[in-house]
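Here is the structure we will look at, set down as structure tokens.
Each value in this text was obtained by applying a stated rule to the coordinates, not by laboratory testing. Not measured: the values here are computed from a predicted model. Every residue, glycine among them, receives a Cβ derived from its backbone with ideal geometry; neighbour counts consider all protein chains shown.
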Amino acid sequence: MDYSDDPAARRAEWFRYYSEKRITHQWFQVHLLQDLPEVRSVLEVGPGLGLVSAMLHNAGFSVTTLDRLPPQYAHPETEYLQAELADVEPGALSGFDCILCCETLEHLYWDDVDGILSKFRDSGVPWLVISVPYQGFQGEFRAYFNGHTARQMMSLKSLKFLKKFTFDAESDPYGHKWEVGYRGHGLKALESKLTGAGFRIHRRDFTSPTRSVFFVLQNPG
């Protein structure tokens, strides 16, 4: 959705999307760059409303974003490339220290992910950070209380591996096409794509309550 010409709608969507549930996920994207050597410039693919872009800039990184939509967070010190990822040549992705591509690949067809990973590899960028939704077996329980209030959260995900992920490409052409943990899209299958494209898995991690799997990948080329 393009909110670039409607500030009120953008603000409403900002508060809807960047919920307490999601905010740790956004922070973690930036946190993963902390210990990567010589990372100063970042290409963020699929910046959404720009919270991660803003945090990257605030942390001192040089930021360029790439998306099919006009910029939803126009910052004078953030470069912007408007293009479909599938149409971009590897050379247009080169020259950065890291590519950050979080919660984006699942919007592509599973079989098309290999080609995108190959583009990232051929760009020569030394680091790639990706995340995708993770629906494998997992559980979480959290509780908070004091003398005035109490709240708790419990979540359990199981048996998704027995189900096939379904989507309606006609009504939602840019929606999720797959999620890790469903039948045919296991974690090992995704890791095979990553290593098959030539990347070395430097780190793997999981987030909650926004359930995603993160990979920090090193490009040996």
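Per the Cauchy relation, a quarter of the hull surface: what is the mean projected area of the convex hull of the alpha carbons in the chain, in nm²?
Its average projected convex-hull area is 14.0 nm².
From the alpha carbon gyration tensor of segment 1-130, can you work out the equivalent ellipsoid semi-axes (sqrt of 5 times each eigenvalue) and give them in Å, largest to smallest?
Semi-axes, largest first: 23, 18, 15 Å.
Sorting Asp111, Asp97 on the 10 Å Cβ count, fewest up front, what's the list?
Asp111, Asp97
Please give me, ordered by residue number, the trypsin sites (Lys or Arg not before Pro) of segment 131-221 that lie in loop per DSSP and have at most 15 other Cβ atoms within 10 Å. All intermediate terms of the calculation are to be shown ahead of the outcome.
Numbers: sites: Arg142, Arg151, Lys157, Lys160, Lys163, Lys164, Lys177, Arg183, Lys188, Lys193, Arg200, Arg203, Arg204, Arg211; in loops: Lys163, Lys164, Lys177, Arg183, Arg211.
Those satisfying the criteria are Lys163, Lys164, Arg183.
How far apart, in nm, are the 7 Å Cα→Cβ label points at Glu140 and Ala92?
3.5 nm
Under 5 Å between amide hydrogens, which residues at least 5 positions from Tyr80 or on another chain qualify, with H placed 1.01 Å from N in the peptide plane?
Thr65
Could you tell me the center-to-center distance, by alpha carbons, between segment 97-149 and segment 24-45 in angstrom?
Going from one Cα centre to the other spans 12 Å.
Let me know the shape class of segment 177-221, please: from the alpha-carbon gyration tensor, a ≥ b ≥ c as square roots of the eigenvalues, rounded when a/c is under 1.5, otherwise prolate if a/b is greater than b/c, or oblate.
Taking the square roots of the gyration eigenvalues as a ≥ b ≥ c, segment 177-221 is oblate.
For a quick check: sort Met154, Met55 by the number of other beta carbons within 10 angstrom, fewest at the front.
Ranking Met154, Met55 by Cβ neighbours within 10 Å, fewest first, gives Met154, Met55.
How far apart, in nm, are two points set 7 Å out from the Cα along the Cα-to-Cβ line at Met55 and at Ser171?
Result: 3.3 nm between the two label points.
Quick one: dipole size for segment 7-218, taken about the Cα centre, charges +1 on Lys/Arg Cβ and -1 on Asp/Glu Cβ, in debye to the nearest 20.
Using only the charged Cβ atoms, the result is roughly 1020 debye.
Principal axis lengths of segment 1-75 from Cα atoms, whole Å, largest first?
Rounded to whole Å, the extents work out to 39, 26, 18 Å.
Assuming a ≥ b ≥ c are the square roots of the Cα gyration tensor eigenvalues, decide whether segment 123-166 counts as rounded (a/c under 1.5), prolate (otherwise, with a/b larger than b/c) or oblate.
Oblate shape, in that a/c is at least 1.5 and b/c is the bigger or equal ratio.
For segment 7-158, what relative contact order do you get, as a whole percent, if you take Cα pairs closer than 8 Å and at least 6 residues apart? List each step's numbers first, then the result.
On the way: 203 pairs, mean separation 26.6, N = 152.
That works out to 18 percent.
Do me a favour and compute the ellipsoid semi-axes for segment 71-155 from its Cα gyration tensor, root of five times each eigenvalue, largest one first, whole Å.
Ellipsoid semi-axes (Å, largest first): 37, 19, 12.
Can you put Trp178, Trp14 in order, fewest other beta carbons within 10 Å first?
Starting with the residue having the fewest Cβ neighbours, the order is Trp14, Trp178.
Among DSSP beta bridges whose residues both lie in segment 7-218, state the antiparallel percentage, nearest 5.
50 percent
Can you pull out the GluC sites (Glu not before Pro) in segment 133-184 whose DSSP state is coil and whose Cβ has at most 16 other Cβ atoms within 10 Å?
In loop regions of segment 133-184 (DSSP not H, G, I, E or B), the sparsely surrounded GluC sites (Glu not before Pro) are Glu170.
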